[in-house]
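The values are calculated or read from the model by the stated rules, or taken from the named source; none is laboratory data. Quick caveat: nothing in here was measured; it's all calculated off a predicted structure. No Cβ is skipped: glycine too gets one built from the backbone with ideal geometry, and neighbour counts run over all protein chains shown. Surface accessibility is based on the protein's heavy atoms, side chains included, excluding ligands, DNA and RNA. Shrake-Rupley method; radii C 1.70, N 1.55, O 1.52, S 1.80 Å.
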Amino acid sequence: MRPVLWIVTPAVILAGAFAWHLGLLTPSPDAPKVKAAAPPIPVVADTVRLQDVPIYALGIGTVQASNTIVVKVRVDGELQKVAFTEGQDVKAGDLLAQIDPRPFAAALNQAKAAKAKDDALLANAKMDFERYKTLVAKQAASQQQLDTQSALVAQYQAAVEGDQAAIDNAQVQLDYATIRAPISGRTGVRLVDQGNIVHASDTGGLVVITQVKPVAVLFALPQDRLEDVREAMARGPVEVIALKRDGTTQIGQGQIQLIDNQISSDTGTLRLKALFPNDDLKLWPGAFVNVKVLVDTRHAVATVPAQAIQRSPDGFYVYRVKADDTVEQRPVKVGGTRDGVSFLEAGLSAGDRVVVDGQYKLTPGARVSARPAPAGTPGTGTDGAPGGGTLTSASAESPA
């Protein structure tokens, strides 16, 4: 049996076109229409975490040496020796310079000789006094002679005491000829050269020594921070962090030493002093620094990247990703923001997912395709901060 071949002729094509024109092949109006679903919107999302957040008060300060000493000479004479180099670190008691000691040594010897003379006179007067006492007892001498001898002994005793005072003074003058460092610190520019005649009345000094270990920082805070700082000091030592002018690079860590006893009426600021060990000498007297004062630490606070926070006329909100991958606007109460991280006082719980990038495409109820935030994003789980740990990089200044 031969196979049947279907041959489509031009007549068949024309018949089909005619039928379409008449509407015989038109779909039924009751047939359901299928609408293509909108694709999900790509966004970046992260999880809300509970972390300990340090609260810092921020200020600007000036580094000051904890002690600054102008070393001056205290006796007149020739400066025979300069024993330090400019910029040298010295310890208390180190030799700095030597003034010609010979005149002072001679004066000391002279005072000692005068005392030796008066000691001999006093000893002789005491022996005569004992003889007179014996003679008076035998009625071989008068009471007046005994009294006179007693006064002479007292006179020589006073002379000996005066001689000892002269010796002490001469010894002090001789000691002043040797100039030693009164404190440990770093020397500055030498102000007098070797060989010059120096005087105790000179207005200038020999050298300036600054103590830079430890070093102090004087800084100002708004007066509204007074109670915060006082409460923090009542709890214990208050940590202070010194930063470079960029506000991020830490160059020292110390503690508050005092709060000034008055607030400036001109600026409305409170002045404080902090002391830093400065072992690495990163803090230099005269430099301006930014200061962070740890006034409180809030424990187990919900934190999100700052870019997740959106603002509307009604306040702050975030886009929260629900379990069905749609988003909702969730109002939040922001406690503070710093270093790219915001901590929340209300609105979210640990484990909630929020959109941190791509919010401009969203409306409530929109379906999203969320991917994790890239590594290094502040406040996310990819920046190395452990969930539930102290997030020092996300420190926040509490609202005024």
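General observations
- Our analysis of segment 96-187 gives Rg over Rh at 1.33, with the two radii drawn from alpha carbon positions and Rh computed by the Kirkwood formula.
- When the charge dipole of segment 105-195 is built from unit charges on Cβ atoms (+1 for Lys and Arg, -1 for Asp and Glu) and taken about the Cα centre, the candidate among Gln143, Val192, Ala165 whose Cα reaches farthest toward its positive end is Val192.
- Using the Cβ-Cβ distance between Asp100 and Gln164 with R0 set to 30 Å, the FRET efficiency works out to roughly 0.70.
- Coil-residue GluC sites (Glu not before Pro) of segment 49-154, DSSP, other Cβ within 10 Å capped at 12: Glu86
- In terms of overall dimensions, segment 117-249 has a Cα radius of gyration and Dmax of 32.7, 99 angstrom.
- 3J(HN,Hα) along segment 187-202, derived from phi through the Karplus expression 6.51 cos²θ - 1.76 cosθ + 1.60 where θ = phi - 60°, amounts to 6, x, 6, 5, 9, 9, 8, 4, x, 6, 8, 10, 10, 5, 8, 4 Hz, with x in place of Gly and Pro.
- Translational diffusion coefficient of segment 175-286 (Stokes-Einstein, Kirkwood radius from Cα pairs, 25 °C, 0.890 mPa s): 142 µm²/s.
- Euclidean distance between Cα centres, segment 323-374 to segment 284-320, Å: 16 Å
- Candidate aspartates and glutamates - alpha carbon under 20 Å from Lys126, same-chain residues fewer than 8 apart omitted: Asp118, Asp147, Glu161, Asp163
- Distance between modelled label sites at Asp147 and Asp119, nm, 7 Å Cα→Cβ extension: 3.3 nm
- Per-residue ³J(HN,Hα) for segment 96-113, Karplus 6.51 cos²θ - 1.76 cosθ + 1.60, θ = phi - 60°, Hz, x for Gly and Pro: 9, 7, 9, 8, 3, x, 4, x, 6, 5, 5, 5, 5, 5, 4, 5, 5, 5
- Violating pairs (Cα-Cα greater than 32 angstrom) within the set Lys91/Lys244; Lys91/Lys117; Lys244/Lys361; Lys72/Lys273; Lys333/Lys361; Lys81/Lys244: Lys91/Lys117; Lys244/Lys361; Lys81/Lys244
- Trypsin sites (Lys or Arg not before Pro) restricted to segment 160-251 and DSSP loop, no more than 15 other C-beta within 10 Å: Lys244, Arg245
- Within straight-line cross-link reach of Lys292, aspartates and glutamates at Cα separation under 15 Å, skipping those fewer than 8 residues along the same chain: Asp228, Glu239, Asp246, Asp339, Glu397
- Relative to its residue count, segment 242-349 spans a Cα convex hull of 185 Å³ per residue.
- Applied to segment 348-355, the Karplus parametrisation 6.51 cos²θ - 1.76 cosθ + 1.60 on θ = phi - 60° returns per-residue 3J(HN,Hα) values of 9, 10, 4, x, 4, 9, 10, 7 Hz, with x for Gly and Pro.
- Residues listed by number, segment 196-213, amide nitrogen under 17 Å from Asp89 label point at 7 Å toward C-beta: 209-213
- Computed with a 1.4 Å probe over protein heavy atoms only, the accessible surface of segment 205-322 comes to 52 Å² per residue.
- Under the Debye formula (equal points on every Cα, no solvent term), log10 I(q)/I(0) of segment 308-380 at q = 0.14, 0.15, 0.25, 0.28 Å⁻¹: -0.43, -0.49, -1.37, -1.54
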